[in-house]
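Undergrad: Let me give you the structure first, and then I'll get to my questions.
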Amino acid sequence: MHVSAVDSQGNFSGEYHTAVSSAQKPIKSSPLVGSQHLDKDRQCTFGFTVNWKMFSDSTAVFVGQCFVEDSGEEVLQTSWLLREKVDSQSSNWKATRTGRNIFTRMK
């Protein structure tokens, strides 16, 4: 995930490149947009959406919080929902997945 600078209102955008997919097309980087609650202690809450339109008919939303460890390293703890397009309402039950991810800053 690559996130651009956060503006003065807490909004940001970027790209997300996943390593996993059930889509039949090759994985490509996908746009993300989000917002965070600006905190002086850098341990803000945030949310962002990833539109997998480049290779899949699905969208994911992530929510979480940034934690700053004693070493100064920032860790993003997230929970997510991924919604895939289905052909009918009878398939609706299998269209949403949930999970958790932990992100750290690359050096």
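Undergrad: Every residue in the stretch 8-41 that is of a type in the set (D, E, K, R) and at pLDDT below 80, please. Before the answer, list the steps.
TA: We begin by selecting, within the stretch 8-41, every residue of a type in the set (D, E, K, R); these are 15, 25, 28, 39-41.
Across the stretch 8-41, the qualifying residues are Lys25, Lys28.
Undergrad: Inspect all residues belonging to the stretch 41-62 and state whether any of them is among the charged types (D, E, K, R), free of Cβ contacts under 8 Å to residues at least 60 places away in the same chain and surrounded by fewer than 10 Cβ atoms within 10 Å (Cβ to Cβ).
TA: Taking the stretch 41-62 and keeping what is among the charged types (D, E, K, R), we get 41-42, 53, 57.
Next, only the ones that are free of Cβ contacts under 8 Å to residues at least 60 places away in the same chain stay: 41-42, 53, 57.
Subset that is surrounded by fewer than 10 Cβ atoms within 10 Å (Cβ to Cβ): 41.
Yes, the stretch 41-62 contains a residue that is among the charged types (D, E, K, R), free of Cβ contacts under 8 Å to residues at least 60 places away in the same chain and surrounded by fewer than 10 Cβ atoms within 10 Å (Cβ to Cβ).
Undergrad: Yes or no: the stretch 84-100 includes at least one residue that is of a type in the set (Val, Ile, Thr), surrounded by 13 or more Cβ atoms within 10 Å (Cβ to Cβ) and either farther than 17 Å from Val6 by Cα or under 13 Å from the mean Cα position of the chain (by Cα) (or both).
TA: Our first condition is that a residue be of a type in the set (Val, Ile, Thr); within the stretch 84-100, this holds for 86, 96, 98.
Next cut, surrounded by 13 or more Cβ atoms within 10 Å (Cβ to Cβ) only: 86.
Remaining after also requiring either farther than 17 Å from Val6 by Cα or under 13 Å from the mean Cα position of the chain (by Cα) (or both): 86.
Yes; the residues of the stretch 84-100 include at least one that is of a type in the set (Val, Ile, Thr), surrounded by 13 or more Cβ atoms within 10 Å (Cβ to Cβ) and either farther than 17 Å from Val6 by Cα or under 13 Å from the mean Cα position of the chain (by Cα) (or both).
Undergrad: Now for a different question. Looking at the stretch 67-82, is at least one residue of a type in the set (Val, Ile, Thr), part of a loop (DSSP other than H, G, I, E, B) and surrounded by 13 or more Cβ atoms within 10 Å (Cβ to Cβ)? Walk me through it before giving the result.
TA: Taking the stretch 67-82 first, the residues of a type in the set (Val, Ile, Thr) are 68, 75, 78.
Next, only the ones that are part of a loop (DSSP other than H, G, I, E, B) stay: none.
For the stretch 67-82, residues of a type in the set (Val, Ile, Thr), part of a loop (DSSP other than H, G, I, E, B) and surrounded by 13 or more Cβ atoms within 10 Å (Cβ to Cβ): absent.
Undergrad: Please give the number of the condition Met1 fails out of (1) of a type outside the set (D, E, K, R); (2) in contact (Cβ under 8 Å) with a residue 60 or more places away in the chain; (3) surrounded by fewer than 15 Cβ atoms within 10 Å (Cβ to Cβ).
TA: (3)
Undergrad: Something else now. Of all residues being in contact with a Ser or Thr (Cβ under 8 Å, 6 or more places away or on another chain) and part of a strand (DSSP E or B) in the stretch 83-98, which is farthest from Ser35 (Cα to Cα)? Just the residue, please.
TA: Of everything passing the filter in the stretch 83-98, Glu84 is farthest from Ser35 (Cα to Cα).
The values are calculated or read from the model by the stated rules, or taken from the named source; none is laboratory data. All values derive from a computational prediction rather than experimental measurement. Neighbour counts run over all protein chains shown; Cβ positions are idealised from the backbone, glycine included.
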